[in-house]
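Peer 1: Just passing along the structure, written as structure tokens.
The values are calculated or read from the model by the stated rules, or taken from the named source; none is laboratory data. Note that the coordinates shown come from a computational prediction; the quantities given were computed from them, not determined experimentally. As a convention, Cβ positions derive from the backbone with ideal geometry for all residues, glycine included, and neighbour counts pool all protein chains shown. When the accessible area is computed, the model is the full protein with side chains, heavy atoms only, and any ligands, DNA or RNA have been set aside. Shrake-Rupley method; radii C 1.70, N 1.55, O 1.52, S 1.80 Å.
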Amino acid sequence: MVKPTKLYWKATKHVLRYLRGTTEYWSWYRRTKGVKLQGFTNADWVGSPSDRKITLGVIFNVGFAAIPWFSRKQRFVALSSAEAEYMVTSQASCEAIWMRKILRGLFIQDMDPTVIYCDNQ
């Protein structure tokens, strides 16, 4: 930064205070052989009785660290819980393909197959 202002200094101090107060919440990243990406999905079929749209959730792990996750209401209505699970797993598959391309570019090595676990009760 060429010309830091008082606002930047205040923001920096705020971040440092936050980090000092949350040291017990850190995620530890362990070095592993290879890059392993796995995903977990869940869908709430009739979570919103007014419009019957499903709420989906997806989280991905690389090694032992949880990285991107998202939770959102779907635009479509599912006719069954199985269809809701298929919809969320399909979106997670698209996200996994995108993440594999990024990770392959970062680590420049072959990756293990990506497994996506689905709540299919």
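Peer 1: State which residue is least open to solvent (accessible area, probe 1.4 Å) when the search covers only segment 62-107 and only residues that are under 13 Å from K36 (Cα atoms) and part of a loop (DSSP other than H, G, I, E, B).
Peer 2: G63
Peer 1: A follow-up question, please. Taking only pairs six or more apart or across chains, which ones have beta-carbon atoms under 8 Å, a first residue in segment 12-25 that is touching a residue at least 12 places away in the same chain (Cβ under 8 Å), and a second residue that is among the small types (G, A, S)?
Peer 2: Taking only residues 6 or more apart or on different chains, not a single pair turns up.
Peer 1: How many residues are surrounded by 14 or more Cβ atoms within 10 Å (Cβ to Cβ) and in contact with a Lys or Arg (Cβ under 8 Å, 6 or more places away or on another chain) if we restrict to segment 108-119?
Peer 2: Summing the residues that are surrounded by 14 or more Cβ atoms within 10 Å (Cβ to Cβ) and in contact with a Lys or Arg (Cβ under 8 Å, 6 or more places away or on another chain) in segment 108-119 gives 2.
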